[in-house]
1. Going by C-beta contacts inside 10 Å, put 179, 38 in order with the fewest on the left.
2. With equal scatterers on the alpha carbons only and no solvent term, can you work out the Debye log10 of I(q)/I(0) for the stretch 142-181 at 0.13, 0.17, 0.19, 0.26 1/Å?
3. Provide the descending list of Cα extents for the stretch 71-145 along its principal axes, expressed in whole angstroms.
4. Where does the chain land at 222 nm, in deg cm²/dmol rounded to the nearest 500, when only DSSP H runs of n ≥ 4 count, each adding -39500 (n - 2.57), divided by all residues?
5. Over the stretch 1-55, what portion of Cα pair distances is larger than 17 Å, expressed as a whole percent?
6. Using only the Cα atoms of the stretch 126-201, what are the Rg and Dmax in Å?
7. Inverting the mean 1/r over all pairs of different Cα atoms, compute the Kirkwood radius of the chain and quote it in Å.
Ligand SMILES: [Zn+2]
């Protein structure tokens, strides 16, 4: 599946799980991250490694020379972001980035990063996280597709009733899930449990995951209804 397919599938999967429109960018970041393991994306991965490695080194320098300004949270975040790029750098195509383990790790780190960046602006936070996984050229095209998602969001106004850290992690995780589902419907399939198991998800498993997603959407709608009736 190419970036267009993953972008559109990501939007469809993610829209019911976002609570504000700028979280569309987080959904798309999750949907597009796994293919960073592709050779053609090497420029994005190398850019990420240089920037995050720079941030790690700055944190180390602050620790040694200006300890009172050292922030452990920021240091851990910089190291985690570096890992987010080292994983696709060393991975084979459709390897570890196309697994449920990577889904959890990447969603938590990028979600936490987005949450931290919202102190500047929620929209900027979303765009920065999206720009971390695409190049500038692709960003323009993806933003046009995201605009359609924004309009659909405005009409449907989904309300998944999640808050705090989780409201940033969930959109990325659902976008990521859409990527695994999308690739499992292609002839090559996806080893989503690698390296624990080499079991390949194919079309059949892809449809099961779509059913799981659909049940999650129904659950959310149900919860919204309960709240609606109660109030
Ligand atoms: Zn892929």
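1. Working: 179 25, 38 16.
Starting with the residue having the fewest Cβ neighbours, the order is 38, 179.
2. Reported log10 I(q)/I(0), two decimals: -0.35, -0.60, -0.74, -1.06.
3. Projected onto the principal axes, the Cα atoms of the stretch 71-145 cover 36, 34, 18 Å.
4. Values: 9 runs with 161 residues, N = 231.
That comes out to -23500 deg cm²/dmol.
5. Working: 705 of 1485 pairs.
The calculated P(r) of the stretch 1-55 puts 47 percent of pairs beyond 17 Å.
6. 15.6, 43
7. Values: mean 1/r = 0.0548 Å⁻¹.
With all distinct Cα pairs of the chain included, I get 18.2 Å.
Values in this text are rule-based calculations from the coordinates and carry no lab data. Computed from a predicted model, the values in this text were never measured in an experiment. Cβ: placed from backbone, ideal geometry, glycine included. Neighbour counts: every protein chain shown.
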